[in-house]
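Here the structure is laid out as structure tokens; the discussion comes afterwards.
Just so it is clear, none of the values below were taken in a lab; they were calculated from the coordinates. Small disclaimer: the values here were computed from a predicted structure and weren't measured. All Cβ positions, even for glycine, are placed from backbone atoms using ideal geometry, and neighbour counts span all protein chains on display.
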Amino acid sequence: MKWVKKHPDSTLYPSELVTIGALFALKGGRFRRFYRWLHREFAPLFPRLPERSRLQWLLATHRLWADRFLAPVSFYTVVDSYGIELIHPIREGRSEQQIGKKGKSNRRWIVGVKMCWIINQDGRVVNWQWTTANACDNVFLPLIEQYEAQTITLSDLGFRCKDGGPENLKLCAKRTWNERGMIETIFSFVTEVCALKKLFHRKEVHLEAHLCYLAVVFNLLLTIAGTPTAEQMLPVLKDFAF
């Protein structure tokens, strides 16, 4: 981030803002609680920390900076989706601000969104996208199509489409292509460490910012921890993160 210039009126450098966004994605939970923790534990590192709502909007405004930390594609990549609950199903439709919809995730009903990650053979995030939980996995086919002639993308049968799919998509039956299991290890990490199964955002811009910085923190932790692949990283990153 050293080549990104600081705005004259800003109290935080771009690298500080991205660091705070990555810390929030790593810790998870509500932003109010995170802000109190950040102010209490890291005030010497961020002496000019903005007010809470101002900081949250800064993270959302500059969320595209997170794209600088995405990894390049490799010979093969793996794609899968991940359900995130935003509200309890019994509260569906009570608020006009509701951004999630009802769908199934891991054989249970949720009201929320669905995140899709494409990872390379080292386990780093190449690209991502999100949609509401009621959508099928094949809505992410245009994301996969961006990498035609660059990589072979392995997926489960949930990405099937009656109209066909991208040429680089390889649909894998159950108990075949064990390389796909790497993304399950990654989703286990974001569930246990980042508490991603339950988020509390009520605006799309803040939800998208959270998911942007999640990719940042995951790729950075893989680099800092020095683990060559995601298959070896779960126990190491748990200790490193906390």
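Worth pointing out:
- Charged side chains reduced to their Cβ positions (Lys and Arg at +1, Asp and Glu at -1) give the chain a dipole of some 1040 debye around its Cα centre.
- Translational diffusion of the chain was estimated from the Stokes-Einstein equation, with Rh taken as the Kirkwood radius over Cα pairs; at 10 °C and 1.306 mPa s the coefficient is 84 µm²/s.
- Inter-centroid distance (Cα atoms) of the stretch 51-86 relative to the stretch 102-125, Å: 14
- Near the amide H of Thr77, within less than 5 Å, lie the amide hydrogens of Ile152, Thr153, Leu154, all on another chain or at least 5 residues away, with H placed in the peptide plane.
- In loop segments of the stretch 25-105 as defined by DSSP, the GluC sites (Glu not before Pro) with at most 16 further C-beta atoms inside 10 Å of their C-beta are Glu51, Glu92, Glu96.
- Packing-based exposure ordering (other Cβ within 10 Å, fewest first) of Ile99, Ile183: Ile99, Ile183
- Given charges at Cβ of Lys, Arg, Asp, Glu: the stretch 82-166 dipole, positive-most of Gln98, Asn138, Val126: Gln98
- The stretch 43-123: chymotrypsin sites (Phe, Trp or Tyr not before Pro) in DSSP coil with no more than 11 other Cβ atoms inside 10 Å: Phe75
- Shape category assigned to the stretch 25-150 from the gyration tensor of Cα positions, a/c cut at 1.5: oblate
- Per DSSP, loop trypsin sites (Lys or Arg not before Pro) in the stretch 1-96 with at most 14 further Cβ within 10 Å: Lys2, Lys5, Lys6, Arg30, Arg48, Arg94
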